[in-house]
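What follows is a single structure, written as structure tokens, with notes after it.
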There are 2 protein chains.
Amino acid sequence: MKIYTIKDIARKAGVSVTTVSRVLNKRPDVNQATREKVERVMAECRFVGNANARGLKQPDGDLIAIILRGRENPFLNSLAEAMLAHTHGLKASFLTEFVDEQADEFQAAVRLSHEKRVKGFIFVGGRIDERADVLQDMDAPMVFTTISAEKAAFPRAASVYIDDRAMGRAAMQTLLDAGHTRIAIFGGIRVGDDGFAKRYAGAMDALKDAGVPFDEERFVQTRFSMSGAYDTAQAFFSAKPDTTAVFAMSDTIAMGIIRALTDMGKSVPADVSVIGYDGIEMGKFFIPRLTTIEQPVDDIARESVQILMDMLEDNKPPRHIVVDAKLVTRESVR
Amino acid sequence: MKIYTIKDIARKAGVSVTTVSRVLNKRPDVNQATREKVERVMAECRFVGNANARGLKQPDGDLIAIILRGRENPFLNSLAEAMLAHTHGLKASFLTEFVDEQADEFQAAVRLSHEKRVKGFIFVGGRIDERADVLQDMDAPMVFTTISAEKAAFPRAASVYIDDRAMGRAAMQTLLDAGHTRIAIFGGIRVGDDGFAKRYAGAMDALKDAGVPFDEERFVQTRFSMSGAYDTAQAFFSAKPDTTAVFAMSDTIAMGIIRALTDMGKSVPADVSVIGYDGIEMGKFFIPRLTTIEQPVDDIARESVQILMDMLEDNKPPRHIVVDAKLVTRESVR
């Protein structure tokens, strides 16, 4: 088989050797059509393995870790996927790390910093609590997504999140507007003013404005998985069967609740209304389709990667960005 | 704040300095309890940022890429997630790369090889066709999952997959056993004897044995997404309303079909039975719960990582492993 040189590729593609080298090094200063032509010629010539290609200078980018708290969580998965879509062309390489919902993502960060020399972190989901103190001496930039890090004590912590208090209020208001008063809230344990606490506070704002009292026994703590929500919902609705509506702090939880209600012979939304949170793709196809609070996944992803790279490569200060979420009305509330 | 040295950590944890160093370097020769104790002490002392820790020798592992073909695909996501769970403690770092269902994952591999010096690949989903020829000169080990690479021309290609022909037969047999004869198949385009072609061939085996003819117009090519299957199903059932059962080549497709049927006023399984493929978590909670062919995600993930590391680190020859799938009977067929 003929071994092609970089000169052969340049000649076949009708470009300069410098341009081929730029394409190989994924430099931004090559226009898209030229890049594609060169890549096509390289593919046709099977240029990958030859010595010239291997001998070219290649960039050594930093490793960045995207750490997701919670497994099999479609919302976190879609966020990570969207983030990775925004990393193309960057010198840095992005690892994805999943930790259990009950595990310590900050210890995972410490471990990755040691093990893999990871130089920057994006935390997806979770919260900042005292466990995060182990990050205090890390000089790596970190971006917290879906939660605010404005009050965090770390020098290089940025964050991208939605206004959880406003959206918690919007979710509850949707149920109140539909005439419900015996409303349950399914969510995570509230710590300080983390995202769950804000969603809860927003829901309380709406109830207070409406003059509807909240029965504390209708706050249900659950894992953020379909199976966790399913089990919790079965127990809850056996104890509080007169509940007519639920604000679920994630779409995953909402689907677990709806499945449990269905198995208990109750129909959603005819017997019980359920509003979710996050706006995952599955919610558009679930039966019934989920009414929910939609987080702008692509905006959160793009901003997170941008802020991290600004901090890492240009030493810019951390920023805190609030992005717009919206209520999406479908079929699960009436 | 006190800066702790590695000696301090060793003393506090009651172990030798060598042991602390081993834990930091994530060496396997430390027992779990000791490792956890040392990590706890390091966390308490915020050992991360101090000069001693940074000065320690750290391993420089290779980069491996897990390339997923198809976005927002819960089955591929769960496979990647399971693979990552099996990479803990390895020196290598694992990147995850998503490419569009219609995109070229092999070009992505070539690009990663250039851009990030990626040294090994795990392909998740997709197929091996002529586009894969660009891999022929790569000396990186690669593992194809969910498809066979036994006939691939690459010297270092391994694979882990289920017996798609047998499972395609099992899926169709399930519909035949329920008394159906006007059966549709929704799947990807069949190329050579790739996974989709095998599933289709298995379905034909079952039909032939049963003496039930197959109406070619009831093979429906679709994208592997809920929205793709939804659109395709609406068009198909308008044209062939007498169809009483569907073999969907993924659970995602099955859910899109069921949603479309529901919107057309048809009930699953009362009016139409649907069997899926893959066995994703969501299938246990969907309404109706999906009857499906369950792929052993954790087995595929564990074997894939193991085979790749054996090839990469110990220069072992590629292996081809067939893992056991099973029929899971739930609610969507009757």
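No value in this document is a laboratory result; all are computed from the given coordinates. The structure displayed is predicted, hence computed values, not measured ones. Because the Cβ atoms are built from the backbone with ideal geometry, glycine has one as well, and the counts that use them run over all protein chains shown.
Restricting to DSSP H runs of at least four residues, report the calculated mean residue ellipticity at 222 nm for chain B, -39500 (n - 2.57) per run over all residues, nearest 500 deg cm²/dmol.
Numbers: 11 runs with 132 residues, N = 334.
Rounded to the nearest 500, it is -12500 deg cm²/dmol.
Over region B:164-294, how many pairs of lysines fall under 23 Å by alpha carbon, counting only those 8 or more apart in sequence or from different chains?
Lysine pairs, 8 or more places apart or on different chains, close enough: 4.
For the protein assembly as shown, state what percent of all Cα-Cα pairs lands in each successive 20 Å bin, counting from 0 Å until the bin that includes the largest distance.
17, 47, 32, 4, 0
For residue B:182, place a label point 7 Å from Cα along the Cα-to-Cβ direction in every copy; what are the distances to the other copies, in nm, shortest first?
4.6
If you build a Gaussian network model of chain A, linking Cα atoms that sit under 10 Å apart, which residue out of A:255, A:309, A:282 swings the most?
Per the Cα network of chain A with a 10 Å cutoff, A:282 tops the list.
Working from the pairwise distances between different alpha carbons, so that the mean of 1/r is found and then inverted, what is region A:95-147's Kirkwood radius in Å?
Value: 11.4 Å, from the Cα pair sum.
Taking the inverse of the average 1/r across all pairs of different Cα atoms in region B:184-334, what Kirkwood radius in Å do you get? Before the final figure, lay out the partial values.
Values: mean 1/r = 0.0603 Å⁻¹.
Over region B:184-334, the inverse of the mean reciprocal pair distance is 16.6 Å.
Taking only C-alpha pairs under 8 Å that are 6+ residues apart, what is the relative contact order of region B:133-218 in percent? Mind dumping the intermediate values first?
Values: 106 pairs, mean separation 23.6, N = 86.
Reported relative contact order: 27 percent.
At residue B:242, label 7 Å along Cα→Cβ: distances to the other copies, nm, ascending?
In ascending order, 5.5 nm.
If you average 1/r over every pair of different alpha-carbon atoms in region B:164-265 and take one over that average, what Kirkwood value in Å do you get? Write out the running numbers ahead of the final one.
Numbers: mean 1/r = 0.0745 Å⁻¹.
About 13.4 Å, per the Kirkwood formula over Cα pairs.
Relative contact order for chain B: what percent, with Cα pairs under 8 Å and sequence separation of 6 or more?
The normalised contact order for chain B reaches 16 percent.
Please give, to one decimal in nm, the separation of the simple spin-label points placed at residue B:227 and residue B:7, each 7 Å out from Cα toward the Cβ.
Between residue B:227 and residue B:7, the simple spin-label model gives 6.2 nm.
What whole-number volume per residue, in cubic angstrom, does the convex hull of the C-alpha atoms of chain B give?
On the way: hull volume 53.3 nm³, N = 334.
So the per-residue hull volume is 160 Å³.
Give me the one-decimal nm value for the distance between modelled label points at residue A:91 and residue B:244, 7 Å along each residue's Cα-to-Cβ direction.
A separation of 6.6 nm, rounded to one decimal place.
How far is residue A:266 from itself in the other copies, in nm, if each label sits 7 Å out from Cα along the Cα-Cβ line, shortest first?
From this label point to the equivalent ones elsewhere in the assembly: 3.2 nm.
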